[in-house]
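Here is the structure we will look at.
The values are calculated or read from the model by the stated rules, or taken from the named source; none is laboratory data. Please read these numbers as outputs of a predicted model, since none were measured by experiment. Don't worry about glycine lacking a Cβ; one is built from the backbone with ideal geometry, like all the others, and counts go over all protein chains shown. Calculation scope for accessible area: heavy atoms of the full protein, side chains included, ligands and nucleic acids excluded. Shrake-Rupley method; radii C 1.70, N 1.55, O 1.52, S 1.80 Å.
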Amino acid sequence: MNRRFNLISLKRWFMVLIIVAVAAMPLHAFAAESGADRPWMNTSLSAEDRTELLLQAMTLEEKVGFVTGKVNNYYGFYNDGLERLGIPALQMADGPAGVRVANPDVQDKKSTALPAPIALAASWDTDLAKKYGDLIGQEAHNTTHNVVLGPGLDIARTPWGSRNFESLGEDPLLASGMGAAYVKGIQSNPVIATAKHYLLNNQETERFTTNATASERAIQEVYVRPFKAVVEQADLGSAMCSFNQVNGTYACENQELLTNILKDQIGFKGFVMSDYGANFSTVESANAGLDLETPGEPYGKWGSKLLEAVNKGEVSEQTIDEKVRRILLQMFDKGLFDKPVTNTTINAKADGAKARQFAEESMVLLQNNDNMLPLSDNKLNSIAVIGPDADTASAAGGGSSLVNPTYTVSPLEGIRKRAGKGVDVKYAAGTDPVSAGDAFNGPSAVPSAILSPANAQKSEQDYGTDQAEFGLHAEYWTNKDMEGDPELVRTDNQVNMNLGFYNYEGFNAQSSKLPVTPTKFNSKMSARWTGAITAPKTGEYQLSLTSLGSAKLYVDDQLLVDNQGATLSTTKKGITLQEGESHNIRIEYRTDFPVQSNHDMGAQVRFGWEAPEDAVDAKMEKAVELAKKSDVAVVVTRTYDSEGYVDRSDLELPNNQEQLIRKVAAANPKTIVVQMSGRAVEMDSWQKEVPSIVQAWYAGQEQGNAVARVLFGDVNPSGKLPVTFPADDQQTPVSTAEQFPGVNGVGNYSEGIFVGYKGYEKQGLSPAFAFGHGLSYTSFDYRNLHVKNSGKGDDATVEVALNLRNTGKRSGAEVVQVYVGNLPTKVETPAKQLAGWAKVDLKAGKQQRVNIKLDRSALSYWDEKSNEWIMPKGKVSIYVGSASDDVRLTGSVNIGSPSGK
Ligand code: BGC
């Protein structure tokens, strides 16, 4: 069995929830006992002493068992505790956007779905990050967990990353500050936080194999920094090594990363666990510094194999002891022995209120021409809420971090409730729902409104009565050749399907409105869709098939498009269609490539189109009509981002939403776009058409209330972008194929330290919205900059002081950002680098002196020859502003010398 297949089946083993009985369930927690037979339970001893006492009592077999994890569908991920010695099991819950509960017996698997971490990062508020972490820690503990698999400290290196939503942005200092506060919050409970994914885990495409190749300087200055911060500032308990290779060696057997950098250089006292299935060796990983294999047995490389290696002398018993010591130390230190996990019902209302606050603080007002926002209560009689998923709260990142919410509030509900009785709030979807099918590239799917399953042409009046009347007749088989009777027959509104890795019942359904396709069709399958297409306008259309596996499109029984689909790809053909004229359609699809047999890369197929701009289908037309007769139109758009799929290679909004915005904006100039995405999207085809854009991210279960309160001005937006939004996907510092997704399995991090805004500035690329950008309903004035340094050597600090005044009519918060210019050295350093920030709340008209201490790393560089941080001597420019491209005050300071002389 090859490596890849091995770990996929392992993931699936947990993911697919049709599981038999669970024999070996871990004990929840053993009663804490003290006394002579268990001296390590004496709480007056230090964690170190308790650890040594307990370690001595363990046999080699017990120790090896303890460092080898397990998985089942009740308890999720765990290791076996040891009843004989009263060691509680490690019971792990996925983060980082809330607690993912696996056990159906625990509170119906529900917990509070928080805004995605990228949203948290947009708040730039470390106090908030601590509260966020604290809530996760509490809910983890109350849902029987003592380890949280979060936060995610992966730098959002590219704008395409499908897991960018789990990250804390593109800047290492921002990720450090927010990450450290988040970890402190989690660990203020008897719960261990796990910083992941160590290291260079910056893409989903080829995520199990890619060889991320970066310079030592980039590794130290950019990617290691957030991990260093959580170790040094937040006493991190655990770190998770990633799937990928780093400079040619898999992360979980990479001694340089695990031992030399993390443990020796940074001084990490906690334990390293493998990502789930990311340990590929027995001896190498054990000797390189991996401490806990997860999920471990029966699929992993440790357990009995590790015992054998110890017995053969390939791994020493001291090495095993060191692993156990690290785990036990954290368990004692973080209170896991003394405060056992509980199953205590989450206070949905109180925690939901916190989720709303996090969401409100994270929203970024990207654009607000003519002060369109906030909406004014008294001038408003009607609002059109438009958008495929505006009436559900399904916009959330998919994959292991998806949380089953205690309740949800959709944008439509939130707006309706806030607008009150006097305002007529009406809804129109405008396009089909966004789903996992939209995670991959290629032209948008053909809208359901122009498809008919019964070859019958539909008139506009028919539309909206019975959704199932629109779309194509679908037949599914679990064999590749459509043999026998189909095992599933239904109407699919669109052909836009992405099965495989994360298609398992009850799970991805949460992040999409569409019905779930049974998991039996995930890999080996064939499908046929039949019906008719009726063009909404006469013109030239490109009909396309995007697929992995072969797909054929027949129009009036003639083969029009034949996509081989050996890799996920698109084939399109032009065709002239007459308005109102129906044509028979037949699409045949097969998962006939070997790669599709491994469940991860399952069935993927989309019937797409590129249509003339005025080809507006009946569903979109309804939304346009509604917008026309409403005072304002709020278009809620979304992307579908998830772990486990290839990253997108374009940044356009999927499933005809761009056209929807343009058409609605043409009908009503007062159009506001509320965008739900976990990453940057491209806006050039519609940005100028709309006055206001709110970046709402994936805002969690309270998304509707938070959106409404921002739109109506109950909350003055104060979020700032933690990632750059590029003008388009060619204009980024990582736009070559060598850099992303890599060539021949190698991702070359040739941009070095120039990641994110540092790279845009270096290459002279103007983004659509810069890092740090975010508007407010009030305005701020910056004055009287004073920069001083004090102290010597390692105690040298640079501090910036300035006056900030709220010059508008509302209270608001401003994120004052301090960037340093090129450092005084021949070594190339960024023209602007974030060195500190402060989030300041100010009432209208009020002023405050703001002091910001600058981060030493931002005033230093990593010297590859001497393997250390060096702060050069000389003058450095200081830029203070409201965004990386909105500098309000400039100064300078001498660094590297005692008193600025
Ligand atoms: C993800 C981790 C996650 C683990 C367990 C992996 O696929 O990369 O982030 O914690 O699964 O669900």
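Can you check what the net charge comes to around residue 246, using other residues whose Cβ is under 12 Å from the Cβ of residue 246 (Lys, Arg +1; Asp, Glu -1)? Mind dumping the intermediate values first?
On the way: positive: none; negative: 216, 253, 256.
Residues near residue 246 contribute -3 overall.
In whole Hz, with x marking every Gly and Pro, tabulate ³J(HN,Hα) for the range 331-336 from phi via Karplus 6.51 cos²θ - 1.76 cosθ + 1.60, θ = phi - 60°.
Karplus-based 3J(HN,Hα) across the range 331-336 equals 5, 5, 4, 8, x, 6 Hz.
If amide H atoms are built 1.01 Å from N in the plane of the peptide, which residues on other chains or at least 5 residues away come under 5 Å of the amide H of residue 642?
Here 398 satisfy the definition.
Per-residue accessible area for residue 790 at 1.4 Å probe radius, Å² rounded to 10?
50 Å²
Keeping every protein chain present and rolling a 1.4 Å probe, give me the accessible area per residue for the chain in Å².
Working: 30550 Å² over 901 residues.
About 34 Å² of surface per residue is accessible.
Residue by residue through the range 151-167, what is 3J(HN,Hα) from phi via Karplus (6.51 cos²θ - 1.76 cosθ + 1.60, θ = phi - 60°)? Round to whole Hz and write x for glycine and proline.
So the Karplus estimates, Gly and Pro as x, are x, x, 10, 6, 5, 6, 6, 10, x, 8, x, 5, 10, 4, 5, 8, 9 Hz.
Taking Cα pairs under 8 Å and at least six residues apart, what relative contact order does the range 778-895 come out at, in percent?
Over the range 778-895, the number comes to 28 percent.
Please give the net charge around residue 777, taking every other residue with its beta carbon less than 10 angstrom from that of residue 777, where Lys and Arg add +1 and Asp and Glu add -1.
Within the 10 Å Cβ shell, the charges total +2.
What percent does the relative contact order of the range 649-799 come to when contacts are Cα pairs within less than 8 Å and at least six residues apart?
Reported relative contact order: 20 percent.
Report, by chain and number, residues whose modeled amide H sits under 5 Å from the one on residue 680, excluding near sequence neighbours (fewer than 5 apart, same chain).
For residue 680, no residues qualify.
Of all accessible surface on the chain at a 1.4 Å probe, what whole percent is carbon and sulfur?
46 percent
Set the Förster radius R0 to 60 Å, insert the Cβ-Cβ distance between residue 378 and residue 312 as r into 1/(1 + (r/R0)^6), and round the FRET efficiency to 0.05.
Working from the Cβ atoms, E equals 0.15.
Between residue 826 and residue 342, 0.36 nm times their residue separation minus their Cα-Cα distance comes to what?
Result for the pair: 168.5 nm of gain on full extension.
Could you compute how much accessible surface residue 391 exposes when probed at 1.4 Å, giving the result in Å² to the nearest 10?
60 Å²
Relative to the compact-globule scaling 2.2 N^0.38 Å, provide the ratio for the alpha-carbon radius of gyration of the chain.
0.94
Residue 432: accessible area at probe 1.4 Å, nearest 10 Å²?
Spelled out: residue 432, probe radius 1.4 Å, area about 0 Å².
Would you pull out the residues with amide H under 5 Å of residue 488's amide H, same chain only if 5 or more places away, H placed 1.01 Å from N?
For residue 488, whose amide H was placed from the backbone, the distant partners under 5 Å are 476.
With θ taken as phi - 60° and the coefficients 6.51, -1.76 and 1.60, list the Karplus ³J(HN,Hα) couplings across the range 687-698 in order, rounded to whole Hz; mark glycine and proline as x.
4, 6, 7, 10, x, 10, 9, 10, 8, 9, 6, 9
Which loop GluC sites (Glu not before Pro) in the range 589-652, with loop taken from DSSP, have no more than 14 other Cβ atoms within 10 angstrom of their Cβ?
Qualifying residues, ordered by number: 613.
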